[in-house]
Amino acid sequence: MIDFATAGNTSRQSASRRVATVTSLNRMEVGLFMNRREFSQGLLMAVTAGAFVSRSLQSIPQINEKRLVSHLMELAEFGKNPKGGVSRVAYSEADLQGRRYVLGLMKGAGLETRVDAAGNIVGTLTRNTSGLPPIIMGSHIDSVPEGGNYDGDVGSLGAIEVVQTLSEHQVMTRHPLQVMIFQNEEGGTIGSMAASTGLSSKQLDLVANSGKTIRDGIRYIGGDPDHLESARLAPRSFAAYLELHIEQGGVLAAEKINIGVVEGIVGIRDWDVTVTGFANHAGTTPMNQRRDAMLAAARFVDAVNRVVTSVPGRQVGTVGKITALPGAYNVIPGKVVLGFELRDLDDSKIDMLYSAIHEQAQQIAKQTGTSFEFTLTNAIVPAPTDPAIREAVARSARNLGLTTRTMPSGAGHDAQEMARVGPAGMIFIPSRDGISHSPAEYSTPTDIANGSNVLLSTLLALDARP
Ligand SMILES: [Zn+2]
């Protein structure tokens, strides 16, 4: 029961001291992310592009931590629930209020805003007319019912804070900058999917947590579900997509690492596994004459764990659902339906694990006089992040004196959709005790500021690429 905020204090203090030292170094050493030749090229291009070259190009500005945290607290008011968290589910009144608040912040940061046909909020810095593809930063502000105030909010407000900081320091980037706040991330990355690969009409008919269908929800927040094509981003139409996010797991917090460099968002495959035995009297059927579907299911659960942990890697496998039929104390279950899931960054590893588990199921079936049937119910392919962006994130963090760790994202994010149409990258910051989707979700102001500064530095590094 150690309070992470206190426990991690020493390492963070030294990290911020390092930040201070490195920052003063940067002021002398122009072109933090480029060698001398690259920097001159970048400068030359900026000049040729007619860009505003200010003194700020000579240093990397730092975001305003106090302002960012107060914005997070203000956003937390919309959909605030008595448990201390937030219920700002997509297409609710609270969602609408939160979106209005964020639109105000975006305008304040100098962004020209619009709501696209999918209901995503798009902010653009219009003074850049270089004709280069934009660099997009984004995330979401909708929450799960009784969620927390950091999932999505940190990346959304962090992106706006980055733009605000650049504007204040009069830094003109070569690439136009955009901030995108995607709608209904928690309902299955709906807004970002609409912007990338598109939504099916079946998806538009799904009922969201607010009780509205996605179609009606899009209308409610100012989109136009009949013209979703106009919200689609053409492949490679942006130079990079960057998303700052809380880890939502406990790896960074446990290892006291400042920044997670996300390798990619894992692929997910879900199956319904139906185990069929024979329902019979639980009092009169001897143990050696049973065809117990529950016993077979129990062995299957164990087999999933054994197979998934038998090979090195960060793959995960879970049986998270179970229904036993007919479901009585005095009846041997004749049928059990399990919900089984595998996740990994590598689709072929999921294939390999699945066939090993399938093989185990056949053996269990033989031993128990039952049969197994697998029905694939959901398949999301892995979304690797862009290697050059990963490198830029890692380098930016190191230059800020922060520790890094490369890791997959086990949860879905808007970045996974954006990665399907262009180069995308993600920056993780620690989640206290690894808790998320809960009012207890928390990340420290220092971690939030660190992540936002890495976002800003990464953006400038990518912007300066020849
Ligand atoms: Zn999120």
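The values are calculated or read from the model by the stated rules, or taken from the named source; none is laboratory data. Since the structure is predicted, the reported quantities are computational estimates derived from the model, not experimental observations. Here Cβ is always computed from backbone atoms with ideal geometry, including for glycine, and neighbour counts include all displayed protein chains.
State all residues of segment 97-145 that are of a type in the set (Val, Ile, Thr) and either in a helix (DSSP H, G or I) or under 21 Å from LEU242 (Cβ atoms) (or both); if no residue qualifies, say none.
Selection gives VAL102, THR113, ILE121, VAL122, THR124, THR126, ILE135, ILE136, ILE141.
Which residue pairs have Cβ atoms under 8 Å apart, sit 6 or more places apart or on different chains, and have a first residue in segment 149-168 that is within 14 Å of GLU74 (Cβ to Cβ) and a second that is β-branched (Val, Ile, Thr) and part of a loop (DSSP other than H, G, I, E, B)?
Short answer, once both residue conditions are applied: ASP153/ILE141; SER156/ILE141; GLU161/ILE63.
Do we have ILE246 as touching a helix residue (DSSP H, G or I) at 6+ places or on another chain (Cβ under 8 Å) and either within 19 Å of SER156 (Cα to Cα) or modelled with pLDDT under 95 (or both) here?
Against the criterion (touching a helix residue (DSSP H, G or I) at 6+ places or on another chain (Cβ under 8 Å) and either within 19 Å of SER156 (Cα to Cα) or modelled with pLDDT under 95 (or both)), ILE246 qualifies.
Please find, within segment 141-189, the residue that is surrounded by the fewest Cβ atoms within 10 Å (Cβ to Cβ) out of those that are within 12 Å of the ligand (Cβ to nearest atom) and hydroxyl-bearing (Ser, Thr, Tyr).
Checking each candidate, the answer is THR189.
Determine the pairs where a residue that is among the small types (Gly, Ala, Ser), located within segment 77-97, has a partner that is assigned to a strand (DSSP E or B) and surrounded by 15 or more Cβ atoms within 10 Å (Cβ to Cβ) with Cβ atoms under 6 Å apart, the partner being 6 or more residues away or on another chain.
Note: pairs meeting the criteria are GLY79/VAL86; GLY85/GLY147.
Kindly establish whether GLY223 is in a helix (DSSP H, G or I) and either buried (at least 23 other Cβ atoms within 10 Å of the Cβ) or touching a helix residue (DSSP H, G or I) at 6+ places or on another chain (Cβ under 9 Å) (or both).
Taking the combined requirement at face value, the residue does not satisfy it.
Spot the failing condition for THR368; the list is (1) away from the ligand (no atom under 16 Å from the Cβ); (2) surrounded by 19 or more Cβ atoms within 10 Å (Cβ to Cβ); (3) within 22 Å of LEU345 (Cα to Cα); (4) among the polar types (S, T, N, Q), and only one is missed.
(3)
How many residues does segment 417-435 contain that are under 16 Å from GLY260 (Cα atoms), crowded, with 18+ Cβ neighbours inside 10 Å and not β-branched (Val, Ile, Thr)?
Number of matching residues: 7.
Which condition from (1) within 16 Å of the ligand (Cβ to nearest atom); (2) closer than 15 Å to ALA424 by Cβ is the one that ALA239 breaks?
(1)
Taking the options HIS227, HIS245, name whichever one is at negative phi and within 16 Å of the ligand (Cβ to nearest atom).
The match here is HIS245.
Restricting to segment 102-112, count the residues that are surrounded by 17 or more Cβ atoms within 10 Å (Cβ to Cβ) and closer than 25 Å to ILE218 by Cα.
Residues flagged as surrounded by 17 or more Cβ atoms within 10 Å (Cβ to Cβ) and closer than 25 Å to ILE218 by Cα within segment 102-112 amount to 5.
Conditions: (1) buried (at least 19 other Cβ atoms within 10 Å of the Cβ); (2) within 23 Å of the chain's Cα centre (by Cα). ALA361 meets all but one. Number of the miss?
(2)
Looking at (1) within 16 Å of the ligand (Cβ to nearest atom); (2) more than 27 Å from HIS227 (Cβ to Cβ), which is the one condition that is false for MET73?
(1)
Would you confirm, using the coordinates I've provided, whether ILE221 is within 16 Å of the ligand (Cβ to nearest atom) and touching a Leu at 6+ places or on another chain (Cβ under 9 Å)?
no
May I ask you to list the residues in segment 414-437 that are within 13 Å of the ligand (Cβ to nearest atom), under 22 Å from ALA254 (Cα atoms) and not in a strand (DSSP E or B)?
If the condition is that a residue be within 13 Å of the ligand (Cβ to nearest atom), under 22 Å from ALA254 (Cα atoms) and not in a strand (DSSP E or B), then SER431, SER436, HIS437 are the ones that fit.
Output the number of the condition that THR318 fails; it satisfies all remaining conditions of (1) in contact (Cβ under 8 Å) with a residue 40 or more places away in the chain; (2) in a strand (DSSP E or B); (3) of a type in the set (Val, Ile, Thr).
THR318 satisfies all of (1) in contact (Cβ under 8 Å) with a residue 40 or more places away in the chain; (2) in a strand (DSSP E or B); (3) of a type in the set (Val, Ile, Thr) except (1).
Check THR274 against each of (1) more than 28 Å from ALA419 (Cα to Cα); (2) out of contact with any Asp or Glu (no Cβ under 9 Å at 6 or more places or on another chain) and name the one condition it does not meet.
(2)
Of these, ARG390, ARG398, which one is free of Cβ contacts under 8 Å to residues at least 24 places away in the same chain, in a helix (DSSP H, G or I) and touching a strand residue (DSSP E or B) at 6+ places or on another chain (Cβ under 9 Å)?
Answer to the check: ARG398.
Here is a check on your reading of the model: is ASP216 part of a loop (DSSP other than H, G, I, E, B) and of a type in the set (D, E, K, R)?
In short, no.
Among residues belonging to segment 254-264 that are surrounded by 22 or more Cβ atoms within 10 Å (Cβ to Cβ) and among the small types (Gly, Ala, Ser), point out the one that is nearest to the ligand (Cβ to nearest atom).
This residue is GLY260.
Can you name every residue in segment 239-284 that is touching a residue at least 12 places away in the same chain (Cβ under 8 Å), closer than 30 Å to LEU325 by Cβ and assigned to a loop (DSSP other than H, G, I, E, B)?
GLY277, PHE278, ALA279, ALA282, GLY283
Between residues in segment 126-141 that are under 14 Å from ALA415 (Cβ atoms) and residues that are assigned to a loop (DSSP other than H, G, I, E, B) and among the aromatic types (Phe, Trp, Tyr), which pairs lie under 6 Å by C-beta distance while being six or more apart or on different chains?
Here the result reads ILE136/PHE238, each pair linking segment 126-141 to a residue that is assigned to a loop (DSSP other than H, G, I, E, B) and among the aromatic types (Phe, Trp, Tyr).
Mind telling me which of the residues ASN258, ASN288 ends up being modelled with pLDDT of 95 or more and in contact with a Leu (Cβ under 6 Å, 6 or more places away or on another chain)?
Being modelled with pLDDT of 95 or more and in contact with a Leu (Cβ under 6 Å, 6 or more places away or on another chain) holds for just one of ASN258, ASN288, which is ASN258.
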